[in-house]
1. At what distance in angstrom do the alpha carbon centres of the range 1-61 and the range 196-266 lie from each other?
2. Using the Cα centre as the reference, give the magnitude of the dipole from point charges on the C-beta atoms of the range 171-309 (Lys, Arg: +1; Asp, Glu: -1; all else neutral), rounded to the nearest 20 debye.
3. Ranked by Cβ crowding within 10 angstrom, fewest neighbours first, how are T286, T52, T2 ordered?
4. What is the magnitude of the charge dipole of the chain about its Cα centre, with +1 placed on the Cβ of each Lys and Arg, -1 on the Cβ of each Asp and Glu, and no other charges, expressed in debye to the nearest 20?
5. If I fit a long axis through the Cα atoms of helix 158-178 and take the longest principal axis of the Cα atoms of the chain, what angle between them do I get, 0 to 90°, rounded to 10?
6. At 0.36 nm per residue, minus the direct Cα-Cα distance, what do A330 and E395 gain on full extension? Give it in nm, one decimal, please.
7. Taking the Cβ of F377 as the center, what net charge do the other residues with Cβ under 13 Å away carry, scoring Lys and Arg +1 and Asp and Glu -1?
8. What is the distance, in nm, between label points placed 7 Å from the Cα along the Cα-to-Cβ direction at L380 and at S144?
Amino acid sequence: MTYFEKIEKIKYEGPKTKNPIAFRHYNPEEIIAGKSMKEHLRFSIAYWHTMTQDGSDPFGNPVNQRNWFGETPMETAKNRVEAFFEICEKLGAEYFCFHDVDIAPEGDSLAEFFENLDEITDLIKEKMDQTGIKLLWNTANMFSNPRYVNGAASTNHANVYAFAAAQVKKGLDLSKKLGGENYVFWGGREGYETLLNTDMGFEQDNIARFFKMAIAYGEKIGHKPQFLLEPKPKEPSKHQYDFDAATAMAFIQKYNLTGDFKLNLEANHATLAGHTFEHEIAVARTYGALGSLDANQGDVLLGWDTDEFPTNIYDTTLAMYEVLDNGGIAPGGINFDAKVRRSSFAMEDLFLAHIAGMDTFARGLKAAAKLKEDKFFEDLKAERYSSFKSGIGAEIVAGKEDLESLTNYALNQSEVDMPSSHIEYIKSVLNDYLI
Ligand code: XUL
Ligand code: CO
């Protein structure tokens, strides 16, 4: 059975091709900076946006044309597995990610949901074995069901906490079954509406207890994927606890989760928090906690999570530069947490959108590798901080100075002659790497 009859396996045809269903920049086996492009990029397809998103918005009905609907929710779920693996294979994406509710219907009870998950993951496992496609991460959707109206691990109701725990236990069992390399916690509704009725300290302690239970269960079943926390400042909560990378790191450190948790950073979440994507990646990298990336982009004119496919090579270049500086992203990857625009409702748009995203990251990788080879940023930074390499600067870095010794030093200096940063020139030269 094929769902995309007219689409063959996507090939690299080079920048000059006029074939829209071909890569113009992503050439999986091409070696860049000592590794193949596919090893650098570790592309992953998100089950939710690709398989379950229907194109509806608060003002409009579903528009997406999809050919996998069956007679029952389970039949649809099974068809989706077939169609999904066809997409991954044809795109040459070697990883995928899912929420529990993306792959199987919840049914009428938690027990029925778990049975459905078992049945569907049997199918998924078969497909993984046939194709070699791997699970980058899975996660539990603990924000859509009405019970999670006040959060999951931060809920005010202990029974809700138990339901959430059951979903995560199941998620870890499925991660073990499918060999998941990472396991994500995105705190969909782990935040608050108003402090008037919220005990923030208690809720955060409960979230930490929840994570410790997940770590303990992973140890018990002998399967410990890399746990990842995905920051986002708002949406759906008015204020989410994992606001940004720095806030998430403070949480991880406060509760002694450093060895077990890293971060999954998403471009549009960064911009919602008032940061660039590269800022968030750099924060994680400097903490030694860069885990994985959710690739997408927001719209500068809109203040919400539009989850567009990444097409901005400036952003992907600076993101990939951080990844190269980190020595790579594995065992994480680049997961397209991105959805086609409402007016891109045709089946083939799923391919066109992913090709656009993969090509944009490929261009970013190539530009970042060239910047690295030329020591573009290294030289700039070496020059900028050169006063700390010798003399008083070297003494400061070696921890040999104190406020008194530095006061004596400063009193004997004439006013500092600060050099200009020439920022505009730097940006102009950087542009030459992008085209
Ligand atoms: C929501 C979001 C999620 C997480 C997984 O903005 O990014 O899809 O990636 O729950
Ligand atoms: Co995400």
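Each value in this text was obtained by applying a stated rule to the coordinates, not by laboratory testing. Remember, predicted model here, so these are calculated numbers, not experimental data. Don't worry about glycine lacking a Cβ; one is built from the backbone with ideal geometry, like all the others, and counts go over all protein chains shown.
1. Using only Cα atoms, the two centres lie 31 Å from each other.
2. Charge dipole of the range 171-309: 620 debye, to the nearest 20.
3. Least crowded to most crowded, the residues run T2, T286, T52.
4. The calculation lands at about 600 debye.
5. Between helix and principal axis, roughly 90 degrees.
6. 19.7 nm
7. Neighbour charge sum, excluding F377 itself: -2.
8. Reported label-point gap for L380 and S144 is 4.2 nm.
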